[in-house]
Ligand code: SAH
């Protein structure tokens with residue numbers, strides 16, 4: 001039994017079945033034993049691969065996107081460039097390398113990383129250190145100083161805990177994790193329905209049949225982001241996998257060694273994510289103040305911000321093997337097949353209402 005499993009068992013024995021959100025939060029970010037706190041999960045030998053790890057083109061294009069947005073902001077002398085959940089720091093280092101074509105932007109940039117993982121923080125330090133840059137690290141967005149900002153996040157919101165409810169004859173019941181007679185973890189529902197829950201749901205979800213599951217995310221990071229973008233002319237670019245419209249359906253998944261795993265088995269040893277509900281996300285952000293653009297498919301966004309031209313440039317003088325790598329990366333980033341990220345991943349941008357529409361959206 002892992003130390004995290006023992007800890008969760010103790011909590012359930014003491015306080016009763018644990019809501020899915022609390023379980024997911026402990027699995028991923030328990031201060032000692034959480035999945036992200038204890039390892040670098042990325043890459044071929046890790047559990048999953050992300051777009052910036054597929055190709056340098058991804059981060060480079062986002063770097064150029066940030067330069068344009070900074071110009072649209074009126075090229076302020078100081079801008080906080082904030083990345084949420086930066087993984088190995090690959091996206092930011094590719095972005096900043098590409099952004100060197102605008103030295104004034106680099107000069108204006110103050111880098112901030114919002115990260116809870118010590119091993120990943122060390123890799124981020126190395127990655128940007130190699131460019132001669134430094135950053136400040138924060139455990140949550142509310143610790144980042146105020147001021148004009150450009151916020152970027154790839155596969156951050158999908159790692160934030162979701163909660164689940166199950167539709168039953170007498171209303172929506174919160175889904176929890178308890179311990180079964182065979183002493184394994186199992187899903188349970190709270191005996192009483194949640195009062196007034198249905199009224200908060202989008203109309204399509206209210207029509208759910210018995211047994212259907214609805215997922216929602218706790219909103220702390222969303223609210224922080226919305227407030228920052230609404231406060232002073234600022235912008236954000238959020239890239240994640242998920243659905244454009246709110247819907248029922250269970251999307252919570254665990255991935256280990258690039259394969260699906262049982263989310264309840266060996267807590268803290270597998271990555272856990274759930275689709276981002278972009279309708280809910282953009283609604284709650286717009287209610288706070290920023291203007292939302294998108295979501296659009298990643299393939300469309302990358303095409304509009306110039307991935308084809310970037311690939312052509314990289315292909316000039318590339319070896320045969322390298323040519324193959326570039327084509328494979330293009331297919332992975334923009335394809336819509338089983339392994340393609342182009343359609344499953346969506347891009348949502350936010351701007352302060354005074355700013356122009358950001359590039360690509
Ligand atoms: N953006 C990176 C990594 C994605 S994995 C990439 O695309 O490669 C998710 C990242 O978010 C990791 O860096 C993880 O440590 C971080 N993370 C997860 N939950 C977090 C939380 N609650 N607060 C801050 N960072 C978190």
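Before moving on, here are some points about what is shown:
- Percent of beta bridges antiparallel (DSSP, the stretch 63-219, rounded to nearest 5): 50
- Between the Cα long axis of helix 90-99 and the first principal axis of the chain there is an angle of about 30°, rounded to the nearest 10.
- Gained length - residue 197 relative to residue 143, 0.36 nm times residue gap less alpha-carbon distance: 16.3 nm
- Kirkwood-Stokes translational diffusion coefficient of the stretch 36-100, alpha-carbon pairs, 25 °C, 0.890 mPa s, µm²/s: 189
- The gain in end-to-end length when the residue 318 to residue 7 segment is fully stretched comes to 106.8 nm, 0.36 nm per residue minus the alpha carbon separation.
- Sorted by Cβ neighbour density within 10 Å, fewest at the top, the residues 8, 326: 326, 8
- Rg(Cα)/(2.2 N^0.38 Å) for the stretch 64-113, N = residue count: 1.07
- Stretch gain in nm, segment residue 32-residue 44, where the contour uses 0.36 nm per residue and the Cα spacing is subtracted: 1.8 nm
- Between the stretch 67-121 and the stretch 17-42, the alpha-carbon centres lie 27 Å apart.
- With each label modelled as a point 7 angstrom along the Cα→C-beta vector, the residue 75-residue 134 pair spans 2.7 nm.
- Given in Å, the Rg to one decimal and the Dmax to the nearest whole number for the Cα atoms of the stretch 210-279 are 15.4, 45.
- Cα-based convex hull volume of the stretch 1-156 per residue, rounded to whole Å³: 121
- Cα-Cα P(r), the stretch 136-249, percent of pairs per 5 Å interval: 2, 9, 15, 17, 15, 13, 12, 9, 5, 2, 0, 0
- Computed over the chain, the per-residue total of -39500 (n - 2.57) for DSSP H runs of n ≥ 4 gives a 222 nm mean residue ellipticity of -10500 deg cm²/dmol, rounded to 500.
- Radius, Kirkwood style, for the chain when every pair of distinct Cα atoms is counted (Å): 21.5
- The Kirkwood radius of the stretch 219-337, taken over pairs of alpha-carbon atoms, gives through the Stokes-Einstein law at 10 °C and 1.306 mPa s a diffusion coefficient of 91 µm² s⁻¹.
Laboratory data are not the source of any read-out in this text; all were calculated from the coordinates shown. These numbers were taken from a predicted model, which means no experiment stands behind them. All Cβ positions, even for glycine, are placed from backbone atoms using ideal geometry, and neighbour counts span all protein chains on display.
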